[in-house]
1. Show the residue pairs that are 6+ apart or on different chains and have beta-carbon atoms under 6 Å apart, the first residue being within segment 55-68 and over 14 Å from S82 (Cβ atoms) and surrounded by 13 or more Cβ atoms within 10 Å (Cβ to Cβ), the second being at pLDDT 95 or above and of a type in the set (V, I, T).
2. How many of the residues in segment 397-425 are among the charged types (D, E, K, R), more than 13 Å from F361 (Cβ to Cβ) and either in the same structural domain as L330 (by TED's automatic domain parsing) or part of a loop (DSSP other than H, G, I, E, B) (or both)?
3. In segment 253-304, which residues are in a strand (DSSP E or B) and either in contact with a helix residue (DSSP H, G or I) (Cβ under 6 Å, 6 or more places away or on another chain) or of a type in the set (A, V, I, L, M, F, W, C) (or both)?
4. Do we find that L324 is part of a helix (DSSP H, G or I), surrounded by 14 or more Cβ atoms within 10 Å (Cβ to Cβ) and under 31 Å from the mean Cα position of the chain (by Cα) in this structure?
5. Can you confirm whether segment 172-179 contains a residue that is among the aliphatic types (A, V, I, L, M), assigned to a helix (DSSP H, G or I) and surrounded by 16 or more Cβ atoms within 10 Å (Cβ to Cβ)?
6. Report those strands (runs of 3 or more DSSP E) wholly inside segment 330-396 carrying at least 1 residues which are within 30 Å of F407 (Cα to Cα) and outside the structural domain of V292 (by TED's automatic domain parsing).
7. Here's a check for you: in segment 405-422, which residue that is free of Cβ contacts under 8 Å to residues at least 24 places away in the same chain and surrounded by fewer than 12 Cβ atoms within 10 Å (Cβ to Cβ) is farthest from F359 (Cα to Cα)?
8. Being in contact with a Leu (Cβ under 9 Å, 6 or more places away or on another chain) and either surrounded by 18 or more Cβ atoms within 10 Å (Cβ to Cβ) or more than 25 Å from A344 (Cβ to Cβ) (or both) is the filter here; which residues of segment 253-280 pass it?
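The values are calculated or read from the model by the stated rules, or taken from the named source; none is laboratory data. Being a predicted model, the structure only gives us computed values, none of them experimental. Every residue, glycine among them, receives a Cβ derived from its backbone with ideal geometry; neighbour counts consider all protein chains shown.
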Amino acid sequence: MGQHMGLKGTGRKWWAWLWGAAVVTVSSVSLAAEVDRWPLRSVRVEGSEHYPQEVLLKTTGLQLGSLVGPADFEAAKQRLLSTGVFETVGYRYGPSSSGPGYDVVFEVTEVRPLCEVRVEGLDVEASSLFAWIRTRDPYLGDRVAASQVVLRRYQRLVEEYLASTGHPERVRVEVAADRPGELYVLVMPGSGLPVVGAVDFLGNRAIDTGTLREAITTVAIGQRFTQGRFRDLLEATLRPMYESLGYWRVEFPTIRARPLQADRRAVEVLVEVKEGEVYKLGTIKVEAPSPVAERAMRDVRLEPGAVADIRRVQLLAERVRRRLQAAGYLEAATTIHRSFDDSARTVDLTIRAEVGPLFTFAKLEIVGLDLHGEHAVRRLWALKPGEPFDATYPDYFLKRLQELQLFDNLSQASSEIHLDTERHTVTVTLYFSASPK
(Lines give C-alpha, C1' and ligand atoms only; values in the text may rest on other atoms or scores of the structure.)
Protein backbone atom coordinates (compact mmCIF):
# COMPACT_ATOMS: atom_id res chain seq x y z
CA MET A 1 0.00 0.00 0.00
CA GLY A 2 1.27 3.52 -0.61
CA GLN A 3 0.24 7.14 -0.47
CA HIS A 4 1.16 9.47 -3.33
CA MET A 5 0.18 12.26 -5.71
CA GLY A 6 1.92 14.08 -8.60
CA LEU A 7 4.78 16.51 -8.04
CA LYS A 8 2.74 19.56 -9.04
CA GLY A 9 2.05 20.75 -5.50
CA THR A 10 4.27 23.05 -3.50
CA GLY A 11 6.69 21.37 -1.09
CA ARG A 12 5.72 21.41 2.60
CA LYS A 13 2.03 22.08 2.13
CA TRP A 14 1.66 19.12 -0.23
CA TRP A 15 3.76 16.86 2.06
CA ALA A 16 1.43 17.60 4.99
CA TRP A 17 -1.59 16.80 2.84
CA LEU A 18 0.03 13.63 1.62
CA TRP A 19 0.68 12.21 5.10
CA GLY A 20 -2.93 12.84 6.11
CA ALA A 21 -4.38 11.48 2.89
CA ALA A 22 -6.41 8.30 2.71
CA VAL A 23 -4.56 5.13 1.70
CA VAL A 24 -5.19 4.13 -1.89
CA THR A 25 -4.15 0.99 -3.68
CA VAL A 26 -1.18 1.21 -6.00
CA SER A 27 -3.01 -0.83 -8.61
CA SER A 28 -5.78 1.78 -8.86
CA VAL A 29 -3.33 4.37 -10.09
CA SER A 30 -0.86 2.14 -11.90
CA LEU A 31 -0.82 4.28 -15.02
CA ALA A 32 -0.03 7.45 -13.05
CA ALA A 33 2.65 5.55 -11.15
CA GLU A 34 4.46 4.64 -14.34
CA VAL A 35 4.43 8.22 -15.58
CA ASP A 36 5.20 9.84 -12.22
CA ARG A 37 8.85 8.79 -11.84
CA TRP A 38 11.29 11.08 -10.04
CA PRO A 39 14.77 10.81 -8.52
CA LEU A 40 14.99 8.92 -5.20
CA ARG A 41 16.38 11.37 -2.62
CA SER A 42 16.21 9.23 0.56
CA VAL A 43 15.06 5.79 1.72
CA ARG A 44 14.96 4.17 5.15
CA VAL A 45 13.36 1.17 6.88
CA GLU A 46 11.62 1.53 10.25
CA GLY A 47 10.49 -1.12 12.73
CA SER A 48 13.38 -3.58 12.46
CA GLU A 49 15.30 -4.39 15.64
CA HIS A 50 17.52 -7.26 14.51
CA TYR A 51 18.67 -6.47 10.99
CA PRO A 52 21.15 -3.71 10.01
CA GLN A 53 19.83 -0.78 8.00
CA GLU A 54 22.42 -1.33 5.26
CA VAL A 55 21.20 -4.92 4.78
CA LEU A 56 17.59 -3.81 4.62
CA LEU A 57 18.32 -1.04 2.12
CA LYS A 58 20.28 -3.40 -0.09
CA THR A 59 17.32 -5.79 -0.07
CA THR A 60 14.96 -3.10 -1.36
CA GLY A 61 17.06 -2.79 -4.52
CA LEU A 62 16.47 0.97 -4.58
CA GLN A 63 19.37 3.26 -5.52
CA LEU A 64 19.61 6.90 -4.48
CA GLY A 65 19.39 9.20 -7.47
CA SER A 66 17.66 6.67 -9.69
CA LEU A 67 14.27 7.45 -11.20
CA VAL A 68 11.56 5.68 -9.19
CA GLY A 69 7.81 5.55 -8.91
CA PRO A 70 5.05 3.63 -7.13
CA ALA A 71 5.76 0.41 -9.02
CA ASP A 72 9.37 0.47 -7.80
CA PHE A 73 8.26 0.93 -4.20
CA GLU A 74 5.84 -1.98 -4.52
CA ALA A 75 8.60 -4.18 -5.93
CA ALA A 76 10.90 -3.19 -3.04
CA LYS A 77 8.17 -4.10 -0.59
CA GLN A 78 7.84 -7.55 -2.16
CA ARG A 79 11.60 -8.07 -1.97
CA LEU A 80 11.52 -7.33 1.77
CA LEU A 81 8.60 -9.72 2.27
CA SER A 82 10.37 -12.45 0.31
CA THR A 83 13.11 -12.62 2.96
CA GLY A 84 10.64 -14.40 5.26
CA VAL A 85 11.75 -12.38 8.28
CA PHE A 86 8.88 -9.87 8.22
CA GLU A 87 5.21 -10.42 9.02
CA THR A 88 4.18 -7.19 7.30
CA VAL A 89 5.78 -4.54 5.10
CA GLY A 90 4.24 -1.20 4.20
CA TYR A 91 5.57 2.07 2.84
CA ARG A 92 4.85 5.75 2.53
CA TYR A 93 6.43 8.30 0.19
CA GLY A 94 6.24 11.93 -0.78
CA PRO A 95 8.20 14.84 -2.25
CA SER A 96 11.66 15.39 -0.83
CA SER A 97 12.63 18.56 1.00
CA SER A 98 16.15 18.31 -0.44
CA GLY A 99 15.15 18.80 -4.05
CA PRO A 100 12.90 17.40 -6.78
CA GLY A 101 12.28 13.73 -6.09
CA TYR A 102 10.90 11.25 -3.58
CA ASP A 103 11.59 10.37 0.07
CA VAL A 104 10.34 6.86 0.92
CA VAL A 105 9.98 5.08 4.25
CA PHE A 106 9.30 1.35 4.61
CA GLU A 107 7.62 0.12 7.80
CA VAL A 108 8.20 -3.51 8.77
CA THR A 109 7.01 -5.89 11.48
CA GLU A 110 9.44 -8.69 12.23
CA VAL A 111 8.54 -12.36 12.60
CA ARG A 112 8.77 -13.20 16.31
CA PRO A 113 10.37 -14.78 18.11
CA LEU A 114 13.88 -15.23 16.79
CA CYS A 115 14.82 -18.82 17.55
CA GLU A 116 18.19 -20.30 18.44
CA VAL A 117 19.52 -22.72 15.82
CA ARG A 118 20.81 -26.08 17.08
CA VAL A 119 22.65 -28.59 14.93
CA GLU A 120 22.23 -32.24 15.91
CA GLY A 121 23.36 -35.49 14.29
CA LEU A 122 25.55 -33.88 11.61
CA ASP A 123 29.32 -34.12 11.39
CA VAL A 124 29.80 -30.36 11.30
CA GLU A 125 31.13 -27.60 13.55
CA ALA A 126 28.10 -25.43 14.25
CA SER A 127 30.03 -22.16 14.58
CA SER A 128 31.71 -22.68 11.19
CA LEU A 129 28.35 -23.48 9.61
CA PHE A 130 26.73 -20.34 11.05
CA ALA A 131 29.59 -18.12 9.88
CA TRP A 132 29.42 -19.57 6.36
CA ILE A 133 25.65 -19.15 6.13
CA ARG A 134 25.87 -15.55 7.32
CA THR A 135 28.19 -14.72 4.40
CA ARG A 136 25.55 -16.08 2.00
CA ASP A 137 22.49 -14.62 3.68
CA PRO A 138 22.81 -11.78 6.21
CA TYR A 139 19.33 -12.55 7.59
CA LEU A 140 20.44 -16.00 8.77
CA GLY A 141 22.92 -17.27 11.36
CA ASP A 142 22.72 -18.84 14.81
CA ARG A 143 19.31 -17.21 15.45
CA VAL A 144 16.58 -16.98 12.83
CA ALA A 145 12.96 -16.05 12.28
CA ALA A 146 11.13 -19.37 12.23
CA SER A 147 9.00 -18.81 9.14
CA GLN A 148 8.58 -21.51 6.51
CA VAL A 149 10.38 -19.34 3.96
CA VAL A 150 13.40 -19.01 6.26
CA LEU A 151 13.42 -22.72 7.18
CA ARG A 152 13.45 -23.77 3.52
CA ARG A 153 16.24 -21.33 2.72
CA TYR A 154 18.24 -22.49 5.74
CA GLN A 155 17.89 -26.12 4.65
CA ARG A 156 19.19 -25.31 1.18
CA LEU A 157 22.20 -23.42 2.55
CA VAL A 158 23.11 -26.17 5.04
CA GLU A 159 23.07 -28.72 2.23
CA GLU A 160 25.26 -26.43 0.11
CA TYR A 161 27.72 -26.09 2.98
CA LEU A 162 27.90 -29.85 3.55
CA ALA A 163 28.52 -30.39 -0.15
CA SER A 164 31.28 -27.75 -0.12
CA THR A 165 33.05 -29.67 2.68
CA GLY A 166 32.92 -32.95 0.77
CA HIS A 167 30.14 -34.47 2.91
CA PRO A 168 26.93 -34.01 0.89
CA GLU A 169 23.84 -34.96 2.84
CA ARG A 170 20.13 -34.21 2.84
CA VAL A 171 18.98 -32.38 5.98
CA ARG A 172 15.78 -31.40 7.74
CA VAL A 173 15.20 -28.03 9.38
CA GLU A 174 12.21 -27.65 11.68
CA VAL A 175 10.97 -25.88 14.77
CA ALA A 176 11.27 -27.95 17.97
CA ALA A 177 10.81 -27.52 21.71
CA ASP A 178 12.33 -29.53 24.56
CA ARG A 179 10.55 -27.40 27.17
CA PRO A 180 7.15 -25.71 26.99
CA GLY A 181 7.40 -22.30 25.36
CA GLU A 182 11.11 -22.59 24.50
CA LEU A 183 11.22 -22.94 20.74
CA TYR A 184 14.36 -23.48 18.69
CA VAL A 185 15.22 -24.40 15.11
CA LEU A 186 16.63 -27.90 14.80
CA VAL A 187 18.97 -28.83 11.93
CA MET A 188 19.31 -32.61 11.60
CA PRO A 189 19.89 -35.39 9.07
CA GLY A 190 17.16 -35.88 6.50
CA SER A 191 16.44 -39.31 7.95
CA GLY A 192 15.69 -37.72 11.32
CA LEU A 193 17.39 -38.04 14.67
CA PRO A 194 18.09 -41.37 16.34
CA VAL A 195 16.33 -42.40 19.51
CA VAL A 196 18.00 -43.31 22.79
CA GLY A 197 18.45 -47.08 22.90
CA ALA A 198 20.86 -47.50 25.82
CA VAL A 199 22.68 -45.40 28.41
CA ASP A 200 25.95 -46.02 30.20
CA PHE A 201 28.01 -44.01 32.69
CA LEU A 202 31.67 -43.28 33.28
CA GLY A 203 33.30 -41.82 36.41
CA ASN A 204 30.49 -42.46 38.92
CA ARG A 205 31.36 -43.80 42.38
CA ALA A 206 28.80 -42.60 44.93
CA ILE A 207 25.86 -44.06 42.99
CA ASP A 208 26.32 -47.36 41.15
CA THR A 209 25.80 -47.60 37.41
CA GLY A 210 22.77 -49.86 37.72
CA THR A 211 20.90 -47.33 39.86
CA LEU A 212 21.77 -44.44 37.53
CA ARG A 213 20.82 -46.45 34.46
CA GLU A 214 17.49 -47.51 35.94
CA ALA A 215 16.61 -43.90 36.80
CA ILE A 216 17.46 -42.42 33.41
CA THR A 217 16.11 -45.20 31.19
CA THR A 218 12.58 -44.73 32.52
CA VAL A 219 12.49 -41.22 31.01
CA ALA A 220 15.03 -41.43 28.15
CA ILE A 221 14.71 -44.75 26.32
CA GLY A 222 12.82 -44.29 23.05
CA GLN A 223 13.11 -40.50 23.16
CA ARG A 224 14.61 -38.61 20.21
CA PHE A 225 18.22 -37.85 21.06
CA THR A 226 19.59 -34.34 21.13
CA GLN A 227 22.34 -33.07 23.39
CA GLY A 228 20.11 -30.41 24.92
CA ARG A 229 17.14 -32.67 25.57
CA PHE A 230 19.24 -35.45 27.06
CA ARG A 231 21.10 -33.04 29.31
CA ASP A 232 17.79 -31.71 30.59
CA LEU A 233 16.79 -35.27 31.48
CA LEU A 234 20.06 -35.78 33.36
CA GLU A 235 19.58 -32.56 35.32
CA ALA A 236 15.98 -33.34 36.19
CA THR A 237 16.51 -37.01 37.05
CA LEU A 238 20.06 -37.61 38.29
CA ARG A 239 21.05 -34.30 39.84
CA PRO A 240 18.46 -34.59 42.66
CA MET A 241 19.78 -38.09 43.42
CA TYR A 242 23.30 -36.75 43.84
CA GLU A 243 22.24 -33.63 45.72
CA SER A 244 20.34 -35.77 48.22
CA LEU A 245 23.74 -37.29 49.10
CA GLY A 246 25.47 -33.91 49.37
CA TYR A 247 27.06 -33.88 45.89
CA TRP A 248 25.80 -30.41 45.00
CA ARG A 249 28.62 -29.75 42.53
CA VAL A 250 27.99 -32.83 40.37
CA GLU A 251 28.54 -32.28 36.65
CA PHE A 252 27.91 -34.21 33.45
CA PRO A 253 30.66 -32.62 31.33
CA THR A 254 30.44 -34.82 28.23
CA ILE A 255 27.62 -36.71 26.57
CA ARG A 256 28.61 -38.91 23.63
CA ALA A 257 26.32 -40.93 21.40
CA ARG A 258 27.25 -43.80 19.11
CA PRO A 259 25.00 -45.98 16.91
CA LEU A 260 23.83 -49.26 18.35
CA GLN A 261 24.95 -52.21 16.27
CA ALA A 262 21.65 -53.99 16.82
CA ASP A 263 19.59 -50.99 15.65
CA ARG A 264 21.22 -48.26 13.58
CA ARG A 265 18.25 -45.97 14.24
CA ALA A 266 19.12 -45.92 17.93
CA VAL A 267 22.16 -44.72 19.86
CA GLU A 268 23.93 -45.69 23.04
CA VAL A 269 24.58 -42.59 25.13
CA LEU A 270 27.74 -42.52 27.26
CA VAL A 271 27.58 -39.99 30.09
CA GLU A 272 30.65 -38.78 31.94
CA VAL A 273 29.92 -38.07 35.60
CA LYS A 274 32.09 -35.72 37.66
CA GLU A 275 30.70 -36.11 41.16
CA GLY A 276 32.88 -33.69 43.07
CA GLU A 277 32.93 -33.58 46.87
CA VAL A 278 30.25 -33.92 49.54
CA TYR A 279 28.97 -30.56 50.78
CA LYS A 280 27.57 -29.86 54.23
CA LEU A 281 25.06 -27.29 55.32
CA GLY A 282 26.31 -23.84 56.28
CA THR A 283 23.82 -21.16 57.23
CA ILE A 284 20.10 -21.64 56.63
CA LYS A 285 17.82 -18.62 56.31
CA VAL A 286 14.13 -18.34 55.55
CA GLU A 287 13.00 -14.97 54.24
CA ALA A 288 9.28 -15.04 54.98
CA PRO A 289 6.87 -13.19 57.28
CA SER A 290 7.03 -14.06 60.96
CA PRO A 291 5.89 -16.41 62.45
CA VAL A 292 5.79 -18.47 59.23
CA ALA A 293 9.58 -18.76 58.99
CA GLU A 294 10.03 -19.83 62.62
CA ARG A 295 7.23 -22.41 62.46
CA ALA A 296 8.45 -23.87 59.18
CA MET A 297 11.98 -24.25 60.51
CA ARG A 298 10.60 -26.03 63.57
CA ASP A 299 8.66 -28.35 61.27
CA VAL A 300 11.73 -29.25 59.20
CA ARG A 301 14.96 -29.01 61.13
CA LEU A 302 18.13 -28.46 59.11
CA GLU A 303 21.30 -28.57 61.19
CA PRO A 304 24.44 -26.70 60.07
CA GLY A 305 27.24 -29.19 59.58
CA ALA A 306 24.96 -31.99 58.43
CA VAL A 307 25.22 -33.38 54.90
CA ALA A 308 23.29 -31.04 52.60
CA ASP A 309 20.30 -33.15 51.50
CA ILE A 310 18.32 -31.37 48.77
CA ARG A 311 15.19 -33.32 49.69
CA ARG A 312 15.15 -31.80 53.19
CA VAL A 313 15.78 -28.35 51.76
CA GLN A 314 12.90 -28.74 49.30
CA LEU A 315 10.69 -30.00 52.13
CA LEU A 316 11.43 -26.85 54.13
CA ALA A 317 10.64 -24.65 51.12
CA GLU A 318 7.35 -26.48 50.59
CA ARG A 319 6.46 -26.16 54.27
CA VAL A 320 7.01 -22.39 54.07
CA ARG A 321 4.74 -22.20 51.04
CA ARG A 322 1.99 -24.26 52.69
CA ARG A 323 2.07 -22.21 55.87
CA LEU A 324 1.76 -19.01 53.85
CA GLN A 325 -1.22 -20.46 51.99
CA ALA A 326 -2.79 -21.42 55.30
CA ALA A 327 -2.43 -17.77 56.33
CA GLY A 328 -4.34 -16.59 53.27
CA TYR A 329 -1.48 -15.99 50.81
CA LEU A 330 -2.79 -18.42 48.22
CA GLU A 331 -0.39 -17.39 45.45
CA ALA A 332 2.70 -17.70 47.64
CA ALA A 333 5.78 -19.27 46.04
CA THR A 334 9.27 -20.08 47.30
CA THR A 335 12.69 -20.25 45.69
CA ILE A 336 15.90 -21.83 46.96
CA HIS A 337 19.09 -19.79 46.66
CA ARG A 338 22.47 -21.39 47.29
CA SER A 339 25.91 -19.98 47.92
CA PHE A 340 28.93 -22.30 47.93
CA ASP A 341 32.12 -22.12 49.96
CA ASP A 342 34.25 -24.54 47.97
CA SER A 343 37.21 -24.36 50.34
CA ALA A 344 35.06 -25.33 53.34
CA ARG A 345 32.80 -27.53 51.21
CA THR A 346 29.67 -25.97 52.63
CA VAL A 347 26.56 -24.51 51.05
CA ASP A 348 24.64 -21.59 52.55
CA LEU A 349 20.93 -21.70 51.82
CA THR A 350 18.32 -18.98 51.65
CA ILE A 351 14.67 -19.81 51.07
CA ARG A 352 12.87 -16.73 49.79
CA ALA A 353 9.11 -16.43 49.84
CA GLU A 354 7.15 -14.44 47.26
CA VAL A 355 4.10 -13.79 49.40
CA GLY A 356 1.62 -12.30 46.94
CA PRO A 357 -1.77 -10.80 47.86
CA LEU A 358 -3.80 -11.77 50.93
CA PHE A 359 -7.03 -13.61 50.06
CA THR A 360 -10.05 -13.44 52.36
CA PHE A 361 -13.07 -15.73 52.68
CA ALA A 362 -16.19 -14.45 50.90
CA LYS A 363 -18.95 -17.07 51.07
CA LEU A 364 -19.81 -20.76 51.37
CA GLU A 365 -21.96 -22.62 48.84
CA ILE A 366 -23.36 -26.11 49.52
CA VAL A 367 -24.57 -28.59 46.90
CA GLY A 368 -26.32 -31.91 47.53
CA LEU A 369 -27.89 -31.43 51.01
CA ASP A 370 -31.45 -30.63 52.08
CA LEU A 371 -32.21 -27.55 54.15
CA HIS A 372 -31.66 -29.31 57.49
CA GLY A 373 -28.31 -30.74 56.39
CA GLU A 374 -27.17 -27.43 54.95
CA HIS A 375 -28.09 -25.65 58.17
CA ALA A 376 -26.06 -28.14 60.20
CA VAL A 377 -23.01 -27.70 57.95
CA ARG A 378 -23.17 -23.91 58.01
CA ARG A 379 -23.42 -23.96 61.81
CA LEU A 380 -20.18 -25.94 62.03
CA TRP A 381 -18.27 -23.95 59.35
CA ALA A 382 -15.89 -21.69 61.29
CA LEU A 383 -14.54 -19.28 58.66
CA LYS A 384 -16.22 -15.88 58.68
CA PRO A 385 -16.48 -13.54 55.66
CA GLY A 386 -13.54 -11.13 55.57
CA GLU A 387 -11.17 -13.41 57.48
CA PRO A 388 -7.90 -14.56 55.86
CA PHE A 389 -8.67 -17.73 53.94
CA ASP A 390 -6.88 -20.87 55.11
CA ALA A 391 -6.31 -23.01 52.01
CA THR A 392 -6.20 -26.17 54.13
CA TYR A 393 -9.50 -25.54 55.93
CA PRO A 394 -12.08 -27.00 53.45
CA ASP A 395 -10.44 -30.45 53.39
CA TYR A 396 -9.92 -30.35 57.16
CA PHE A 397 -13.60 -29.42 57.61
CA LEU A 398 -14.86 -32.30 55.44
CA LYS A 399 -12.65 -34.76 57.29
CA ARG A 400 -14.12 -33.57 60.61
CA LEU A 401 -17.65 -34.02 59.22
CA GLN A 402 -16.89 -37.62 58.36
CA GLU A 403 -15.46 -38.20 61.82
CA LEU A 404 -18.63 -36.71 63.41
CA GLN A 405 -20.83 -38.99 61.24
CA LEU A 406 -23.60 -36.39 60.94
CA PHE A 407 -25.00 -37.94 57.75
CA ASP A 408 -25.81 -41.65 57.78
CA ASN A 409 -25.96 -42.18 54.02
CA LEU A 410 -23.18 -39.81 52.97
CA SER A 411 -21.11 -41.44 50.22
CA GLN A 412 -18.54 -38.77 49.50
CA ALA A 413 -17.84 -35.08 49.93
CA SER A 414 -15.48 -32.77 48.10
CA SER A 415 -14.61 -29.10 47.99
CA GLU A 416 -13.90 -26.60 45.24
CA ILE A 417 -12.25 -23.22 45.67
CA HIS A 418 -13.10 -20.28 43.39
CA LEU A 419 -10.67 -17.36 43.44
CA ASP A 420 -11.58 -13.80 42.57
CA THR A 421 -8.14 -12.53 41.60
CA GLU A 422 -9.33 -8.93 41.30
CA ARG A 423 -10.99 -8.66 44.72
CA HIS A 424 -8.68 -11.28 46.28
CA THR A 425 -11.59 -13.18 47.77
CA VAL A 426 -12.49 -16.88 47.90
CA THR A 427 -15.80 -18.69 47.48
CA VAL A 428 -15.89 -22.30 48.67
CA THR A 429 -18.33 -24.86 47.27
CA LEU A 430 -18.90 -28.11 49.20
CA TYR A 431 -20.35 -31.04 47.25
CA PHE A 432 -22.15 -33.90 49.01
CA SER A 433 -23.29 -37.19 47.47
CA ALA A 434 -25.53 -39.74 49.14
CA SER A 435 -24.90 -43.49 49.06
CA PRO A 436 -27.21 -45.42 46.73
CA LYS A 437 -30.03 -47.17 48.63
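1. These pairs meet every condition: L62/V43.
2. 2
3. Result: I255, A257, A266, V267, V269, L270, V271, L281, I284, V286.
4. Values: part of a helix (DSSP H, G or I): yes; surrounded by 14 or more Cβ atoms within 10 Å (Cβ to Cβ): yes; under 31 Å from the mean Cα position of the chain (by Cα): yes.
It is true that L324 is part of a helix (DSSP H, G or I), surrounded by 14 or more Cβ atoms within 10 Å (Cβ to Cβ) and under 31 Å from the mean Cα position of the chain (by Cα).
5. no
6. Values: elements: 333-341, 346-354, 360-367.
So the answer is 360-367.
7. D408
8. T254, I255, R256, A257, R258, A266, V267, E268, L270, V271, E272, V273
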